[in-house]
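Student: Have a look at this one.
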Amino acid sequence: MQELIEQLLVELGEDPGREGLLNTPKRVEKALRFLTSGYEADIDKVLNGALFTVDYSEMVIVKDIDFYSLCEHHLLPFFGKCHVAYIPSDKVIGLSKIPRIVDVFSRRLQVQERLTNQIADVIRDKIAPVGVAVVMEATHLCMSMRGVEKQNSFAVTSAMVGAFRDNARTRIEFLELIKLRTGSAGSGDTASAGLAYVGDD
Ligand SMILES: [Zn+2]
């Protein structure tokens, strides 16, 4: 990969031999390997037994999870906040594992819509909850840095599964609790009976 990066620098009109760029191919490779390390990750290892049987059927929400991904069209970052909710049927996922799941799918070449769906799908597959909802709000550098569609460079995607898709009240409760930056929901207290914390490893 480092030879390719060196060649890329040449193509860009740079001199890969100048001091500041000498180690750039090595650094870029290291960065790219990390930013795409989600391909190698084994989701079962990530969850590592952190699935617990509980008698709990309220909405579990983990909001404002920071994520960083790479857009597959431009290999430029898109990043923002991810909000995840589910209603358990009999299993919950350790709360700290939810951001790990987001990382696994973010650290790949992505489009935001697929990333959102993959997070929802893996939670559905692993704990068969009554419902799952994932909302992602992201800034795409391929849009904002290039100055195209500036007003749309902040993208919101959602995946609603089960109760969140079928039950408007459940969906609205979730959307109220996460209070999208782009939404019209007013400011205020986010605490409510639906906001739950479940023990973790
Ligand atoms: Zn892009």
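The values are calculated or read from the model by the stated rules, or taken from the named source; none is laboratory data. Remember, it's a predicted structure, so these values are computed and weren't measured experimentally. With ideal geometry, Cβ positions are generated from the backbone for all residues, glycine too; neighbour counts draw on all protein chains shown. Accessible surface areas use protein heavy atoms only, side chains included; no ligands, DNA or RNA. Shrake-Rupley method; radii C 1.70, N 1.55, O 1.52, S 1.80 Å.
Student: Can you give the angle from 0 to 90° between the axis of helix 168-178 and the longest principal axis of the chain, with both taken from C-alpha atoms, to the nearest 10?
Tutor: The answer is roughly 50 degrees.
Student: Can you list the GluC sites (Glu not before Pro) in the stretch 1-84 that are in a DSSP coil and have 10 or fewer other beta carbons within 10 angstrom?
Tutor: Filter output for the stretch 1-84: Glu40.
Student: Same structure, new question: Where the accessible area of the chain is counted over protein heavy atoms with a 1.4 Å probe, how much of it, in %, is carbon and sulfur?
Tutor: Here carbon and sulfur together make up 51 percent of the probe-accessible area.
Student: Ignoring the sites themselves, what is the longest stretch of the chain with no trypsin sites (Lys or Arg not before Pro) in a DSSP loop and at most 12 other beta-carbon atoms within 10 Å?
Tutor: Longest run free of exposed loop sites: 19-180.
Student: On a full-extension model of 0.36 nm per residue, what is the gain between Leu32 and Leu4, subtracting their alpha-carbon distance, rounded to one decimal in nm?
Tutor: 8.8 nm
Student: Among the lysines, which fall within straight-line cross-link reach of Lys91, defined as a Cα-Cα distance under 20 Å, with same-chain neighbours fewer than 8 residues apart omitted?
Tutor: Within the straight-line limit of under 20 Å, Lys91 reaches these lysines: Lys45, Lys63, Lys126.
Student: Would you calculate the separation in nanometres between label points at Glu72 and Asn48, each defined as 7 Å from the Cα along the Cα-to-beta-carbon direction?
Tutor: Spacing of the two 7 Å Cα→Cβ label points: 2.9 nm.
Student: Tell me the GluC sites (Glu not before Pro) within the stretch 104-155 that lie in a loop according to DSSP and have at most 15 other beta-carbon atoms within 10 Å. Spell out each step's value before the answer.
Tutor: Values: sites: Glu113, Glu137, Glu149; in loops: Glu149.
Passing both the DSSP loop test and the Cβ count: Glu149.
Student: Between Leu22 and Tyr56, what is the label-to-label distance in nm when each label sits 7 Å out along the Cα-to-Cβ direction?
Tutor: Taking the two extended label points, one gets 5.4 nm.
Student: Can you check what the Kirkwood hydrodynamic radius comes to for the chain, Cα pairs only, in Å to one decimal? Don't skip to the end; give the middle numbers.
Tutor: Numbers: mean 1/r = 0.0539 Å⁻¹.
With all distinct Cα pairs of the chain included, I get 18.6 Å.
Student: Please work out the FRET efficiency for the pair Val148 and Glu11, using the Cβ-Cβ distance as r and a Förster radius of 25 Å; give the result to the nearest 0.05.
Tutor: Numbers: r = 23 Å, r/R0 = 0.91.
Calculated transfer efficiency: 0.65.
Student: Provide the solvent-accessible area of Asp64, counting protein heavy atoms only and rolling a 1.4 Å probe, rounded to the nearest 10 Å².
Tutor: Accessible surface of Asp64 is approximately 80 Å².
Student: Still on this structure, please answer the following. Rounded to the nearest 10 degrees, what's the angle between the helix 2-11 long axis and the longest principal axis of the chain, both from Cα atoms, 0 to 90?
Tutor: Taking Cα atoms only, the helix is inclined about 70 degrees.
Student: Multiply the residue gap between Asp64 and Ala128 by 0.36 nm, knock off their C-alpha separation, and tell me the result in nm, one decimal place.
Tutor: My answer for the length gained is 20.7 nm.
Student: Tell me, what is the Rg over Rh of the stretch 68-158, with Rh the Kirkwood radius over Cα pairs? Can you show the working numbers first?
Tutor: Values: Rg = 14.1 Å, Rh = 13.7 Å.
Answer for the stretch 68-158: 1.03.
Student: What number, rounded to the nearest 500 deg cm²/dmol, is the helix-based mean residue ellipticity at 222 nm of the chain, given -39500 (n - 2.57) per DSSP H run of at least four residues and division by all its residues?
Tutor: Details: 8 runs with 72 residues, N = 201.
Mean residue ellipticity, 222 nm, calculated: -10000 deg cm²/dmol.
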